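Everything on this sheet refers to the single structure shown next.
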Amino acid sequence: MRILIVGAGEVGFQLANMLSREEHEVTVIESDEQRVLSIREKIDARIIHGSGTSSLTLEEGQIADSDLFIAVSSVDEVNIMSCLIAKEYGVNRCVARVLNNDYVFEGSKLYKIQLGIERIVNPQQEVAKEVSRLCDFSDASEVADFCDGELLHLAYPIREGNELIGQKLAGFSRVDNEKLIVITSITRNDHTFVPTKNESIQKGDMVYFFCLKENLKKVREHFGILSHGTKKIFVIGGGRTGYQVASHLEETKHKVKVFDKDMDICTKIANDLDVDVFCTHNTDVETLEQEGISSADVVVTMMNDDYTNILTALLAKKLGAFKSISLVSSKKLTGLAYSLGVDSTVSPRLTTASSILKYIRRGKIVSVVEKSGAEILEVEITDDIEITLGQIKDIRLTGEIIFGGVKRNNKAILLSGDDQIQKGDVLVVYAITGSIPKLENLLGI
C-alpha cells in the first residue's frame, strides 16, 4: 500500500516507522528542516521537506497515486486542508488528527461528514477513553478489551513481596488445571520481550497477558492482587485533555473532583459538567487532603508537563490514593514513571496511533490496538483462510506472534496448543511490531 503522511512529529514518526517496517511504501512530508534531518536515517521511508498544504510538495510525494493519506502535523488547519486537497487528487481514504474539539463534535459545521474526511482522530478523546478503561480496572496498569469486552489484555506490575517472584512461567497459566491466562510479553528494565516457558518472574516486571473477563477474580487471586472498586476519582489538570477525561468519567457515573489553578478553566468545567471543581494548584496538599485524596480510588494527572504529572501522581500516592494515572507524552519517561511508583501512564501518541491503525488495517482485520511495542488484532476467520487446518501447536508461529483467544458462537475462549481455529471465529492475535507481514502471510489476508 502506498501511504503519504503529513507531519513527522511523535505520531507521524511512529506511524511511518511501523508501516514502513511492514513493507508499505511510505512517504513523509515535514515542514521542519531539522526534524527532516533527524529522522531521515531512522526510518525506511521517503522524507520530503515542505508544507502539507502545498500542491507542489504533495505532488512530489505522489499524492495522486496514494492509497491512504494521513495528516498528523501539529496544526489542525494544515491537517484538515491537506486532507481536502488529497480528496481533490482522488485519494480514497484520508485520516486527520485534530486537537480542537470545535472541529470534532457532531454539532460542528466542520464535522467530518461535511468535511468528507473518512476518519478524524482527536487525541484528547482517545486519552479519555483509555483513562476510563483504566479506571474500570483499577488494579491493572494497562487494559484493552476484545471479543465485545469478554476477552481482556491486561498488564500487572510485580511489586516487591509478590509471591510470584522467582516462579517460572512453565505451568504458570493454569490453576487447578484450568487455563486462566495466555502470557504475551514481559517488560523488564524498559525492554519488552516474549518470554519462554523457562523464564522466571522478577521484581519490577510488568507482565502482559490475555484472560477472560469472567475469570478476572481468579486471575487477581493468582497474582496476589486485591480487587478494588472505583467510585471516587480526582482529576488534577482541567485543560483540554482533563476536560475530556472528566466528561467521560461523569458519563460513567463516577464521583469526580477536578482541580485546576486557572479560574477560566474551572468556570467552564463547572458550567458544563456535573462534577466538583476546585480552583487550586496541583501541589495544594491542604485542599487535596480536605477533599479526601487519602480515600480516592484513582487520581488522574492531566497537566501539560510530563514531569509535573509524574510528580503530582507520586504526591497523590504518598497522600493515600489507591491508584495513579498520569498523562506522559515522552516514551522515555514512561518507564521512569513506573519505576518511581506511578501505576499507569497514558500516552497521547500511542492512543492516537492506535486509533489511526484501527482505520488503516485492511481486509478481515476488525480491530487493532497498539500496546508496548506490539499490536493486538482481531481477525475474522473466513472460508478462504487456510489456517483452520490442524491444531495451533502444529502451526509454524514465530516467537513474535501469539494466538490469545477467539470469539466463537458468541462466546470468548482462551486458546492453547491443542485447540483448532475454526471458520467463523474472530481470532485475537498478539504480534510484536514488525511481524505484521508474517501474520498477514500466515493468515492470507
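Derivation of every value follows stated rules applied to the coordinates shown; laboratory data play no part. Keep in mind that this is a model prediction, so the values were computed, not measured. Quick reminder, even Gly has a Cβ in these numbers, built from the backbone with ideal geometry, and neighbours come from all protein chains shown.
Would you work out which of N79, I47, H24 lies farthest towards the positive end of the dipole of the range 16-79? Charges go on Cβ: Lys and Arg +1, Asp and Glu -1.
So the residue we want is I47.
For a quick check, take a GNM of the chain with Cα springs below 10 Å and name the residue from R40, R97, R240 with the largest mean-square fluctuation.
Residue with maximal mean-square fluctuation among R40, R97, R240: R40.
Could you tell me which of T433, F259, V11 has its Cα farthest along the dipole of the chain towards the positive end, charges placed at Cβ (Lys, Arg +1; Asp, Glu -1), taken about the Cα centre?
Farthest along the dipole direction, towards plus: T433.
Local charge sum around E199 (other residues, Cβ-Cβ under 11 Å, Lys/Arg +1, Asp/Glu -1)?
Surrounding charge for E199 is +2.
For the residue pair K393 and S330, what label-to-label distance in nm results when each label sits 7 Å from Cα along the Cα-to-beta-carbon direction?
With each label placed 7 Å out from Cα toward Cβ, I get 4.8 nm.
Among residues other than N282 whose Cβ falls under 15 Å from its Cβ, what is the net charge (Lys/Arg +1, Asp/Glu -1)? Intermediate values should be presented prior to the final figure.
Numbers: positive: K257, K261, K317, K318; negative: D260, D262, D284, E286, E289, E291, D305, D306.
Net of charged neighbours comes to -4.
Hey, what D do you get for the chain in µm²/s if you plug the Kirkwood alpha-carbon radius into Stokes-Einstein at 25 °C and 0.890 mPa s? Don't jump to the answer; show the numbers that get you there.
On the way: Rh = 23.2 Å.
The estimated diffusion coefficient comes to 106 µm²/s.
Mind telling me which of N79, N410, N282 comes out most flexible in a GNM of the chain, alpha-carbon contacts under 10 Å?
Maximum fluctuation in the GNM of the chain, among the listed residues, is at N410.
I need the peptides 265-274, 426-435 ranked by packing, meaning the mean over residues of other C-beta atoms within 10 angstrom, with the highest value on top. Let's see the in-between values first.
Working: 265-274: 15.1, 426-435: 22.4.
Highest mean packing first, the order is 426-435, 265-274.
Return the percentage of antiparallel bridges among DSSP beta bridges fully within the chain, rounded to the nearest 5 %.
On the way: 47 of 87 bridges.
So the antiparallel bridges in the chain amount to around 55 percent.
Which residue fluctuates the most in the chain, going by a Gaussian network model with Cα springs under 10 Å, if the choices are M206, M263, M18?
M263
Test of understanding: what is the full-extension gain from Q202 to S295, defined as 0.36 nm times their sequence separation minus their Cα-Cα distance? Don't jump to the answer; show the numbers that get you there.
On the way: separation 93, 0.36 × 93 = 33.48 nm, distance 3.03 nm.
30.4 nm is the gain from fully extending Q202 to S295.
In nanometres, what is the gap between the two model label sites at K253 and N100, each 7 Å from Cα along Cα-to-Cβ?
The two pseudo-label positions are separated by 3.7 nm.
Spit out the partnerless Cys residues in the chain, using Cβ distances under 4.7 Å as the pairing rule.
Unpaired cysteines in the chain: C135, C147, C211.
With a cut-off of 8 Å between alpha carbons and a minimum separation of six or more residues, what is the relative contact order of the chain in percent? Present the calculation step by step, with values, prior to reporting the outcome.
Details: 917 pairs, mean separation 51.5, N = 445.
Computed value for the chain: 12 percent relative contact order.
Average projected area of the Cα convex hull of the range 128-222, in nm²?
Details: hull surface 25.9 nm².
Value for the range 128-222: 6.5 nm².
Relative contact order (percent) for the range 2-121, with alpha-carbon contacts under 8 angstrom and 6 or more residues of separation?
On the way: 228 pairs, mean separation 27.1, N = 120.
Normalised by residue count, the contact order of the range 2-121 is 23 percent.
With +1 assigned to the C-beta of every Lys and Arg and -1 to the C-beta of every Asp and Glu, and no other charges, what is the dipole magnitude of the chain about the Cα centre in debye, to the nearest 20? Walk me through the intermediate numbers first.
Details: 51 positive and 65 negative charges, 169 e Å.
Using only the charged Cβ atoms, the result is roughly 820 debye.
Note down the net charge around V182, summing +1 for each Lys or Arg and -1 for each Asp or Glu among other residues with Cβ under 12 Å from its Cβ. Please list the in-between numbers first.
Details: positive: R174, K179; negative: D419.
Every neighbour counted, the sum reads +1.
Express the relative contact order of the range 209-282 as a whole percentage, based on alpha carbon pairs under 8 Å and six or more residues apart in sequence.
Details: 91 pairs, mean separation 19.2, N = 74.
Answer for the range 209-282 is 26 percent.
Report the charge-dipole magnitude of the range 40-93 in Debye, nearest 20, computed about the Cα centre from +1 at each Lys and Arg Cβ and -1 at each Asp and Glu Cβ. Numbers along the way, then the final one.
Values: 5 positive and 9 negative charges, 22 e Å.
I would put it at about 100 debye.
List the residues of the range 157-176 whose backbone N lies under 12 Å from a point placed 7 Å from the Cα of S416 along the Cα-to-Cβ direction.
Flagged as within label range: 171-176.
In deg cm²/dmol, rounded to 500, what helix-only [θ] at 222 nm does the chain give when every DSSP H run of at least 4 residues adds -39500 (n - 2.57) and the total is split over its residues?
Mean residue ellipticity at 222 nm (helix-derived): -9000 deg cm²/dmol.
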